1. Mind checking the full-extension length gain between residue 18 and residue 34? Use 0.36 nm per residue of separation minus the Cα-Cα distance, one decimal, nm.
2. What is the gain in length, in nm to one decimal, between residue 144 and residue 249 on full extension, counting 0.36 nm per residue of separation less the C-alpha to C-alpha distance?
3. FRET efficiency for residue 155 and residue 10, Cβ-Cβ distance as r, R0 = 45 Å, nearest 0.05?
4. Summing +1 for each Lys or Arg and -1 for each Asp or Glu, what net charge is found among the other residues whose Cβ lies under 10 Å from the Cβ of residue 173?
5. Mind checking which aspartates and glutamates have their C-alpha under 19 Å from residue 215, skipping anything on the same chain fewer than 8 residues away?
6. If you count, for each residue, the other Cβ atoms within 10 Å and average over each peptide, how do 42-51, 124-133 line up from highest to lowest?
7. Highest mean first, how do 185-191, 6-12, 24-30, 213-219 rank when packing is the count of other Cβ atoms within 10 Å averaged over residues?
8. May I ask you to compute the full-extension gain from residue 164 to residue 214, defined as 0.36 nm times their residue separation minus their alpha-carbon distance, rounded to one decimal in nm?
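Please treat every number below as a calculation from the coordinates, not as lab data. In this text, all values refer to a predicted model and were calculated from it rather than measured experimentally. Cβ placement follows ideal geometry from the backbone for every residue including glycine, while neighbour counts extend to all protein chains displayed.
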Amino acid sequence: MDIDCMQAREYLHAHLDRELDPVTAMHVETHLKSCAGCSRAYADQVALRNSLKQQAAYYTVPASLAARIRADMVEAKLPASDRRPRWQWFPLAAAVAATVVISWMAAVQLESSGDDRIGEQVIAGHARSVLTDHLVQVASSDQHTVKPWLSSKLDFSPPAADLTSQGFPLAGARLDYVNSRPVAALVYRHREHVINLFIWPTEKAAAQGTTAASKQGYNLLHWDNGGMTFWAISDLNPADIKTFADTYASAK
Ligand SMILES: [Zn+2]
């Protein structure tokens, strides 16, 4: 039997995986030798396979993430280990997509660590709240309204203070999600600017000072105090956000 291009393309992937019976494999080999198009397609598959292998070896994926993806695949009824000797788009596309996602996530985790990583999440939380117009779930400048609301949703009690008389009126609060946990987000205003102040408990010993960062057009301030960690973020200039942090610290 001779096989045509369509059949050859169907068998390419299985051939690459050495899953074809010897006779079919021989027919594919024969076709590849005589057909430039299919042999190019085969070479592309080999190159793709190799580069994915290199990526996978280069980035170490956390076991928990791998397990989660496997669980997702089971849930989606994608047979991760059930390789059939026929070209099928969906499992391949899913596998490629999963590999790309894994590589990307691993790369992101490698690039940033600790405070950098939290800083990115703080920026994302701030941008999300402003862009989606989802600043506050409890809109109040009264700390006696905001504090109990937060305490009822969280397993800690973040310090909240209205700073209207100092030029930073409290607009309210909402829950957010940073550093793999629910956190309090206090929202303050200063002129037309919004300040998000993210708060959650920390194990870290206090008094490491305040760290400032400027990223993606935002200014961030981070400090620990009284068993809590604080991240203030705004498009305010660094001096004004420092004033805010000092004001907040002396008010509570
Ligand atoms: Zn061909």
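1. Length difference between fully extended and current span is 3.8 nm.
2. 36.0 nm
3. About 0.20, to the nearest 0.05.
4. Here the charged neighbours net out to +2.
5. Result set, ordered by chain and number: 111, 115, 116, 120, 235, 240.
6. Answer by packing, highest mean first, reads 124-133, 42-51.
7. Ranking the peptides 185-191, 6-12, 24-30, 213-219 by packing returns 185-191, 6-12, 24-30, 213-219.
8. Result for the pair: 15.4 nm of gain on full extension.
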